[in-house]
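Undergrad: What follows is a single structure, and I will ask about it in a moment.
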Amino acid sequence: MKKASKKVYIETLGCQMNKSDTERILGILSHFGYEASEGNEADFFIVNTCSIRKLSEDKAYSRLGVWGKMKKNRPDIKIAIAGCVAQQEKENLLKKFPYLDLVFGTHNIYELPKLIEELETPAADGSRKRICAIRDKAVPEKDFNIIRSKGINAWLPIMEGCNNFCAYCIVPYTRGRERSRDMDVIINEAKKIISEGYKEITLLGQNVDSYGKDLDGKPTFAKLLEELDKLEGNFRIRFTTSYPTDITDDVIETVKKADKICECFHIPMQSGSDRVLKAMNRRYTRVQYGEIVNKIRMQIKDVTITSDFIAGFPSETEEEFKDTLSAIEEFKLDYSNTAAYSPRPNTPAGRMTDKFIADDVKKKRLEILNNTVKAASKKSNEASVGKIYEVLVEKIKEEDLKNGSKRIAEGRSRNNKVVHFESNTAMAGDFINVKIKEALVWCLKGDEVK
Ligand code: SAH
Ligand code: SF4
Ligand code: F3S
């Protein structure tokens, strides 16, 4: 089946799940003689898209535009769109972008061998083939090799999809219902990752706490964590994302006891106002969110808790927006991702057009929200000064100084803080104890503890 070497270039937008999908796509394509290449020299161009906000969708189209122009001079190149925008827009994309050859959805990755074959077989009448492959439901995964991006961290999906249907969110429509991967498949993949030398595994799922609910015997997320923690080797485990009220005491207990599981939780709150939370179809109140955060903080020393917030959800008042700001302060959230609300097709909030907040108001609120997040991050970092953190080095940089240069190692602590320290010997992949001496807004500086 292997053919002469061809080159594929994949641009990945969106979340870690998409990054992981890209690694799977590259693995599958490698069976067809494709190897990954950078930019211009490729024969096959794929954009793996994100649809979470209008802006991310537009980014995908602008990539297609660039490649469409390129195709005028190189008519033989193939252009494909994958991911959440493909799943959402389906064959409309073939109509909208005449130079597009292939659209494949989030549930069609394992069909790529067939799709590529079809695309590469000339049509009987000599016309150009154009294919749209979108399934409504996921098919069972197949065992293809994965071509992981090099580095310290490896992505490991444990479940995919979402049953929550938050009013603003398109993910349940682009990723389908929750599906867990078998525990032994995950554990074998983890073993392989460790044997390949990665030092950190990040477990991925839209809601990791839903892990196992759809599997025989209903293994829990806590059980999976426990099993992964037992694997031999010097490595760390992280996981994302947690739905506030789905985090069980068992998970907290496991993170507390386990050796390899890092002390951090990403728990999107979305809004600090109960009325807005209800309108968003989130299943918890501000008080309940706080209780979970407090419980985790009481049990796990030095834990980092991060969140996501949306500014300007339809109907959000100034007062309600202020509740979000006060929640960040009250719950001492270490860091938060933020976004202005962006209407998404087919979602309940997207239909609340009469309650939309004006763009300039959303923009202003986002700016204020970002300032609050920034202040919270600085405060959280300041609390780290004087502590000793075990840092997993990710990269080495040279810092230019007036009198020569300094070799700076950059890595992250177990509780996910970015730490910089001077070192002549540290290498990517090393675990080094660092005493924190200075807190900046987004990172810490320290000295190696010899
Ligand atoms: N599964 C995770 C997050 C998925 S999407 C969870 O349950 O929270 C990542 C983040 O994008 C969300 O947490 C939300 O803050 C943001 N987001 C989702 N839809 C959005 C929209 N329509 N406009 C703005 N931000 C949005
Ligand atoms: Fe989207 Fe809500 Fe599901 Fe997260 S839990 S993916 S925000 S629908
Ligand atoms: Fe975006 Fe799809 Fe991830 S919409 S955030 S790429 S699941």
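The values are calculated or read from the model by the stated rules, or taken from the named source; none is laboratory data. Model, not experiment: these values are computed from the prediction. Cβ coordinates were reconstructed from backbone atoms using ideal geometry, including for glycine residues, and neighbour counts include every protein chain displayed. Keep in mind that these areas ignore ligands, DNA and RNA; they rest on the heavy atoms of the full protein, side chains included. Shrake-Rupley method; radii C 1.70, N 1.55, O 1.52, S 1.80 Å.
Undergrad: With the convex hull built on the Cα atoms of segment 261-330, state its orientation-averaged projected area in nm².
TA: Details: hull surface 19.0 nm².
Answer in nm², one decimal: 4.8.
Undergrad: If you roll a 1.4 angstrom probe over the protein chains with everything in place, what fraction of the accessible area of the chain belongs to carbon and sulfur, to the nearest %? Spell out each step's value before the answer.
TA: Values: 10690 of 21080 Å².
Using a 1.4 Å probe with all protein chains present, the chain comes out at 51 percent carbon and sulfur.
Undergrad: What order, most packed first, do the peptides 84-90, 120-126 have when packing is the mean number of other Cβ atoms within 10 Å of each residue? Working shown, then result.
TA: Values: 84-90: 23.7, 120-126: 8.3.
Put in order of decreasing packing, that is 84-90, 120-126.
Undergrad: Follow-up. What trypsin sites (Lys or Arg not before Pro) does segment 1-55 have in DSSP loop regions with at most 10 other beta carbons within 10 Å? Write down the numbers at each step before the final one.
TA: On the way: sites: 2, 3, 6, 7, 19, 24, 53, 54; in loops: 2, 3, 53.
Those that pass, being in a loop and sparsely packed, are 2, 3.
Undergrad: Related question: Give the Rg/Rh ratio for segment 180-309, taking Rg as the radius of gyration of the Cα atoms and Rh as the Kirkwood radius, to two decimals. Before the final figure, lay out the partial values.
TA: Details: Rg = 15.4 Å, Rh = 15.5 Å.
Using only Cα positions, Rg/Rh for segment 180-309 is 0.99.
Undergrad: So, one more: With springs only between Cα atoms under 10 Å, which of 188, 381, 416 fluctuates most in a Gaussian network model of the chain?
TA: Most flexible of the set in this elastic network: 188.
Undergrad: Same structure again: Spin-label point model (7 Å from Cα, Cβ direction): what's the residue 35 to residue 358 distance in nm?
TA: The two pseudo-label positions are separated by 5.7 nm.
Undergrad: Ratio of alpha-carbon Rg to the 2.2 N^0.38 Å globular estimate for segment 284-402, to two decimals, please. Spell out each step's value before the answer.
TA: On the way: Rg = 18.1 Å, N = 119, 2.2 N^0.38 = 13.5 Å.
Working it through for segment 284-402, the quotient is 1.34.
Undergrad: When the gyration tensor of the chain is built from Cα positions, what are the square roots of 5 times its three eigenvalues, in whole Å, from largest to smallest?
TA: Values: eigenvalues 261, 164, 107 Å².
So the equivalent ellipsoid measures 36, 29, 23 Å along its semi-axes.
Undergrad: Hey, in the chain, which Cys have no second cysteine's beta-carbon closer than 4.7 Å?
TA: Cys with no partner Cβ under 4.7 Å: 15, 50, 84, 132, 162, 262, 264, 443.
Undergrad: Hey, another quick one. What are the ³J(HN,Hα) couplings of segment 171-179, residue after residue, when phi is run through the Karplus curve with 6.51, -1.76, 1.60 and θ = phi - 60°? Round to Hz, x for glycine and proline.
TA: With coefficients 6.51, -1.76 and 1.60, one gets 4, x, 7, 9, 10, x, 6, 5, 9 Hz.
Undergrad: Counting other Cβ atoms within 10 Å, which trypsin sites (Lys or Arg not before Pro) in segment 166-211 have at most 10 and lie in a DSSP loop? Intermediate values should be presented prior to the final figure.
TA: Numbers: sites: 175, 177, 179, 181, 191, 192, 199; in loops: 177, 181, 199.
Qualifying residues, ordered by number: none.
Undergrad: At q = 0.16, 0.19 Å⁻¹, what log₁₀ I(q)/I(0) does a Debye calculation on the Cα points of segment 1-158 give, no solvent, two decimals?
TA: At q = 0.16, 0.19 Å⁻¹ the computed log10 ratios are -0.90, -1.32.
Undergrad: Give the residue list of trypsin sites (Lys or Arg not before Pro) in segment 312-354 that are DSSP loop and have at most 16 other beta-carbon atoms within 10 angstrom.
TA: Numbers: sites: 322, 332, 351; in loops: 332.
For trypsin sites (Lys or Arg not before Pro) across segment 312-354 that sit outside H, G, I, E and B with at most 16 neighbouring Cβ atoms in 10 Å, the list reads 332.
Undergrad: What are the ³J(HN,Hα) couplings of segment 224-238, residue after residue, when phi is run through the Karplus curve with 6.51, -1.76, 1.60 and θ = phi - 60°? Round to Hz, x for glycine and proline.
TA: After applying 6.51 cos²θ - 1.76 cosθ + 1.60, I find 4, 4, 4, 5, 5, 5, 6, 4, 6, x, 9, 8, 10, 10, 10 Hz.
Undergrad: Right, another one. Suppose a student asked you for the relative contact order of segment 147-237, using Cα pairs under 8 Å spaced at least 6 residues apart; what percent would you report?
TA: Numbers: 132 pairs, mean separation 30.8, N = 91.
Rounded, it is 34 percent for segment 147-237.
Undergrad: Follow-up. Quick one: Karplus J couplings for segment 333-345, per residue in order, coefficients 6.51, -1.76, 1.60, θ = phi - 60°, nearest Hz, x for Gly and Pro?
TA: 5, 5, 7, 9, 7, 10, 7, 7, 4, 10, x, 10, x
Undergrad: Let me ask another. Given only helices, namely DSSP H runs of n ≥ 4 each adding -39500 (n - 2.57), what is the per-residue ellipticity at 222 nm of the chain, to the nearest 500 deg cm²/dmol?
TA: After summing the helix terms and dividing by residue count, I get -10000 deg cm²/dmol.
Undergrad: Related question: Quick one: which residues, 5+ away or cross-chain, put their amide H under 5 Å from the amide H of residue 264? H built at 1.01 Å from N.
TA: Counting only residues 5 or more places away or on other chains, the set is 304.
Undergrad: Quick one: which of 332/378; 260/378; 332/387; 260/301; 19/95 span more than 22 angstrom between C-alpha atoms? Spell out each step's value before the answer.
TA: On the way: 332/378 11 Å; 260/378 27 Å; 332/387 18 Å; 260/301 15 Å; 19/95 27 Å.
The pairs that break the limit, which is 22 Å between Cα atoms, are 260/378; 19/95.
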